[in-house]
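Trainee: If you scroll down you'll find the structure; I have some questions about it.
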Amino acid sequence: MKRIAFLGPEGTVSQESARYFFAEGAHEFVPYALMSDVFAAVAEGTVDYGVVPVENTIEGSVKHHIDLLVDGTELPILAEWVYPSVQNLIGYRSGDSSAEPYAAVRKVVSKDVAIAQCHDFLRSRLPRVEFEYVSSTAEGVRLVKQLKDPAVAAIGTRMSAELYGLDLLAENITDHDNNYTRFILIGKEAPELAPAGLHKTTILVTLPEDYPGALHQVLSAFAWRRINLSKIESRPTKKKLGSYYFYIDIEMSLDSVLLPAALQEIEAIGCQVRTLGSYPSYPYQTP
């Protein structure tokens, strides 16, 4: 049985997505309080794999998780998949049957990203509500269960409401229907997966300091070979002010002929190139 770590407690979108991705076979899903603990558990061999959310349609990159991938333990990306982030207002239903189920709510406890994803609902339905930020959506649901106060609600998954025996006060309250999250799988050995229609490679590129136009040269190495970049993002190297690396997702496998040649061309101009993984990519399939 493979053990798979995710950001806990139980009931997070990360756990939902892991159960979706590993739908077949026997797996044990292990929650950790911090994403750094997920990385450490995989590196130490306590678990086999770790599930890491790295990008959301609405909020963009999860920069802290990308930094852990880059600066922490050198664990390769083994796969990626996309999963919808459906958020709900969860708590204790108002005792007044004539009012909205969330009429008594005065505080919402959740992760900052989840609150941002539900901005329109909260502004229109709960304009005077107070916010308290916690490490995960499921942690917010756990706290609401602990408090047993109808004035306090959480934003989280349907799974978390079921796990903690709380009411769904309002369903699917996210601002956009296309609220999807991209997850990556980290580990030491690739699992057996179904064939994928798309393979991707993620690299880090650090430019030489004394080469004007180096970024243009990097992009040109991909462009003239007609290699598509699905993402390029700059992040500080943390070594000195003004020093950055570029995090690049490439829609091509390292097993191809063109991509290794492009990376060799980039290295020839003095760039440092580090490969974070070459892996299958799976879009979301509606159940």
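Trainee: In this structure, does A196 turn out to be modelled with pLDDT of 90 or more, within 22 Å of the chain's Cα centre (by Cα) and not in a strand (DSSP E or B)?
Mentor: Considered against the rule, which asks whether it is modelled with pLDDT of 90 or more, within 22 Å of the chain's Cα centre (by Cα) and not in a strand (DSSP E or B), A196 comes out as yes.
Trainee: Pick out the one residue from Y49, Y83, Y32, Y92 that is surrounded by 16 or more Cβ atoms within 10 Å (Cβ to Cβ) and without any contact (Cβ under 8 Å) to a residue 60 or more places away in the chain.
Mentor: Result: Y32 is the single residue among Y49, Y83, Y32, Y92 that is surrounded by 16 or more Cβ atoms within 10 Å (Cβ to Cβ) and without any contact (Cβ under 8 Å) to a residue 60 or more places away in the chain.
Trainee: Against the conditions (1) farther than 27 Å from A41 by Cβ; (2) crowded, with 23+ Cβ neighbours inside 10 Å; (3) small (G, A, S), where does A114 fall short? Just the number, please.
Mentor: (1)
Trainee: Right, here's the next one. Would you please name the residue that is surrounded by the most Cβ atoms within 10 Å (Cβ to Cβ), looking only at residues in the stretch 208-242 that are polar (S, T, N, Q) and touching a residue at least 12 places away in the same chain (Cβ under 8 Å)?
Mentor: Among them, the one singled out is Q217.
Trainee: Report yes if Y247 is surrounded by 12 or more Cβ atoms within 10 Å (Cβ to Cβ), part of a strand (DSSP E or B) and outside the structural domain of V52 (by TED's automatic domain parsing), otherwise no.
Mentor: Judged against the criteria, Y247 is a match.
Trainee: Quick one: which strands (runs of 3 or more DSSP E) lie wholly within the stretch 1-100 and hold at least 3 residues that are at pLDDT 85 or above and under 25 Å from S234 (Cβ atoms)? Reasoning before the result, please.
Mentor: Working: elements: 2-7, 27-32, 49-56, 77-84, 88-91.
In the stretch 1-100, 49-56, 77-84 are the strands (runs of 3 or more DSSP E) which contain 3 or more residues that are at pLDDT 85 or above and under 25 Å from S234 (Cβ atoms).
Trainee: In addition: Determine which single condition A40 fails, assuming it passes every other condition in (1) in contact with a Ser or Thr (Cβ under 8 Å, 6 or more places away or on another chain); (2) over 26 Å from I248 (Cα atoms); (3) free of Cβ contacts under 8 Å to residues at least 40 places away in the same chain; (4) not charged (D, E, K, R).
Mentor: Checking A40 against (1) in contact with a Ser or Thr (Cβ under 8 Å, 6 or more places away or on another chain); (2) over 26 Å from I248 (Cα atoms); (3) free of Cβ contacts under 8 Å to residues at least 40 places away in the same chain; (4) not charged (D, E, K, R), the one that fails is (2).
Trainee: Also, I was wondering about something else. Please verify whether E265 is surrounded by 14 or more Cβ atoms within 10 Å (Cβ to Cβ) and within 27 Å of H64 (Cα to Cα), treating the condition exactly as stated.
Mentor: Judged against the criteria, E265 is not a match.
Trainee: Of these, V152, V134, V144, which one is surrounded by fewer than 20 Cβ atoms within 10 Å (Cβ to Cβ), β-branched (V, I, T) and more than 16 Å from S85 (Cβ to Cβ)? Break it down stepwise before answering.
Mentor: Details: V152 fails: surrounded by fewer than 20 Cβ atoms within 10 Å (Cβ to Cβ); V144 fails: surrounded by fewer than 20 Cβ atoms within 10 Å (Cβ to Cβ).
So the residue among V152, V134, V144 that is surrounded by fewer than 20 Cβ atoms within 10 Å (Cβ to Cβ), β-branched (V, I, T) and more than 16 Å from S85 (Cβ to Cβ) is V134.
The values are calculated or read from the model by the stated rules, or taken from the named source; none is laboratory data. Please read these numbers as outputs of a predicted model, since none were measured by experiment. When we count neighbours, we look across all protein chains shown, and the Cβ atoms used for this are built from the backbone with ideal geometry, even at glycine.
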